[in-house]
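Take a look at the structure set out below.
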C-alpha cells in the first residue's frame, strides 16, 4: 500500500487520488439512500454518510501552514514542555 500520509500534518500527492473516488462513492450512496428512503435505517445511514462526507472534506484539504489560534494559546507553555522533552530540569 502506498503511503498516503507523510507525517501527522502533511499528505502525499497520492492522497488526492484516493480522496476523489471516496467522495464520489459517499455522494452516490447518499443519493441512492435519499431516493430509496423507506426505513429508519436508511435515515441513520444517511446521517453516518453525511458525517463521513464532512470528515472527507475536512481531511482532504490540509491545515494551513500559518499559525492558528491554537498555537497562540499554547505559546506560554511551550518553554515548559521543551524542558520536559529534553530531560532538563527547569
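The values are calculated or read from the model by the stated rules, or taken from the named source; none is laboratory data. As the structure is a prediction and not an experimental result, all values here were calculated from the model. All Cβ positions, glycine included, derive from the backbone under ideal geometry; neighbour counts span all protein chains shown.
Here is how the numbers come out for the structure above:
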{"read-out": "Among residues of the range 11-26, those that are touching a helix residue (DSSP H, G or I) at 6+ places or on another chain (Cβ under 8 Å) and surrounded by fewer than 13 Cβ atoms within 10 Å (Cβ to Cβ), counted", "value": "1"}
{"read-out": "3 or more residues at pLDDT 80 or above: qualifying helices (runs of 4 or more DSSP H) within the chain", "value": "15-36, 40-60"}
